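Here's the structure we're looking at; comments come further down.
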Amino acid sequence: MNEYILQVKNLKTWFKLDTGTLKAVDDVTFSLKRNETIGIIGESGCGKSVTAHSILRTVQNPGKVLGGEILYDNGNGPVDLVGYKPDSREMRKLRGREISMIFQEPMASLAPVYTIGAQMMEAVMVHQDKKDKKAAKDACMEMLRAVGMPDPEQKFYTYPHQMSGGQCQRAMIALAMVNRPKILIADEPTTALDVTVQAQITDLMKHFQKEYNMSIIYITHDMGVIAEMADAIAVMYLGRVVESGSVKEIFKNPLHPYTRGLLKSMPVLGNKTGEKLNAIEGNVPVPLDPPAECGFCSRCPNRTPECGAGIPSLKEVQPGHLVRCFHV
């Protein structure tokens, strides 16, 4: 059996706008092993969420997956999801059953006019072979209890606006997990939650991963969460993966200037009061018809004329450690 359940190769997802072409995802490559968690990290607007939606084939007009491969292997050999139309029977069968997603804003992602139970029931009924409503409800109740939902019997008949942010996030996780997916994509699942609830949610995801032998793509901008959750990291900047490798290798030996900047900008326990954090100079450029140059060169402290003369390729500098930089 292939050790990789998902391999994304040279993925390109662009948006054709009146003002030009927005290259939200431009040559993204990473691999996800079975029962592994890979953390995709980067600043807002770097293409993390668009990458996730590209995998699920839910990118909407004016966006379109224009190239690359998304090789998914459920044990029967890899299939390229780029070859499936977003509304095809094959993608509808995979989406929500074998590959599920926890969205960034549960209050905006859950349907406001349907109860939590109705939305979970629909997910089960669509994907199960036998249309047994009692069995579907039992599966939903079991999952609501598994995610630690308080009073699950009552919450089954509750609308999203009647619940707290933490409860909505638990409902979103239950909805994503009710069909026991092989891959779970978590798009900043703890951003709007307090620290205590964040810890509960991450512990819950690790528990499900162990129980169901699940692989996780964890999208965040929080290096601390990645250090706790992930086995591997893919660092994204301006629509490209600029460095990837194991968590231990990236934290111990970061090679790309952007990765180094991210790690240096983290607050450190024991720093003197009033001591300023290290910041990366400048702002992320808008990837609208970007020039053929290293995307980070305008902010890089080590830039040379070569950096503005072309786009560096993603090179393996050590086993499993890839970097996109001319000077590594």
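The values are calculated or read from the model by the stated rules, or taken from the named source; none is laboratory data. In this text, all values refer to a predicted model and were calculated from it rather than measured experimentally. Cβ sites come from the backbone with ideal geometry, for glycine too, and all protein chains shown count toward neighbours. Just the protein is used for accessible areas: all its heavy atoms, side chains included, with ligands, DNA and RNA removed. Shrake-Rupley method; radii C 1.70, N 1.55, O 1.52, S 1.80 Å.
Listing for the model above:
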{"quantity": "Answer residue from segment 1-31, given it is in contact with a Lys or Arg (Cβ under 9 Å, 6 or more places away or on another chain) and part of a loop (DSSP other than H, G, I, E, B) and is surrounded by the most Cβ atoms within 10 Å (Cβ to Cβ) among those", "calculated": "Asn2"}
{"quantity": "Conditions (1) open to solvent by 10 Å² or more (accessible area, probe 1.4 Å); (2) in contact with a His (Cβ under 9 Å, 6 or more places away or on another chain); number of the one not met by Gly63", "calculated": "(1)"}
{"quantity": "Matching entry among Met141, Met172 (being buried (at least 20 other Cβ atoms within 10 Å of the Cβ) and either at negative phi or in contact with a helix residue (DSSP H, G or I) (Cβ under 7 Å, 6 or more places away or on another chain) (or both))", "calculated": "Met172"}
{"quantity": "Residue in segment 179-238 that is surrounded by the fewest Cβ atoms within 10 Å (Cβ to Cβ), counting only those that are without any contact (Cβ under 8 Å) to a residue 40 or more places away in the chain and closer than 22 Å to Pro78 by Cβ", "calculated": "Tyr212"}
{"quantity": "Test: residue in segment 36-58 that is assigned to a strand (DSSP E or B), open to solvent by 40 Å² or more (accessible area, probe 1.4 Å) and out of contact with any helix residue (DSSP H, G or I) (no Cβ under 9 Å at 6 or more places or on another chain)", "calculated": "no"}
{"quantity": "Residues within segment 92-107 that are open to solvent by 20 Å² or more (accessible area, probe 1.4 Å) and hydroxyl-bearing (Ser, Thr, Tyr), tallied", "calculated": "0"}
{"quantity": "Conditions (1) of a type in the set (A, V, I, L, M); (2) loosely packed, with under 14 Cβ neighbours inside 10 Å; (3) over 22 Å from the mean Cα position of the chain (by Cα): number failed by Ala136", "calculated": "(2)"}
{"quantity": "Those residues of segment 84-128 which are within 21 Å of the chain's Cα centre (by Cα), within 30 Å of Gly45 (Cβ to Cβ), in a helix (DSSP H, G or I) and not hydrophobic (A, V, I, L, M, F, W, C), in sequence order", "calculated": "Arg92, Pro106, Ser109"}
{"quantity": "Cβ-Cβ under 8 Å pairs, at least 6 apart or on other chains, segment 99-117 side hydrophobic (A, V, I, L, M, F, W, C), far side crowded, with 21+ Cβ neighbours inside 10 Å and at pLDDT below 90", "calculated": "Ile102/Gln169; Ile102/Pro189"}
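Residue-by-condition table, conditions (1) touching a residue at least 24 places away in the same chain (Cβ under 8 Å); (2) over 22 Å from Val242 (Cβ atoms); (3) not basic (Lys, Arg):
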site	(1), (2), (3)
Asp18	no, yes, yes
Val25	yes, no, yes
Ile38	yes, no, yes
Lys48	yes, no, no
Ile55	yes, no, yes
Pro62	yes, yes, yes
Leu66	yes, no, yes
Glu69	yes, no, yes
Leu81	yes, yes, yes
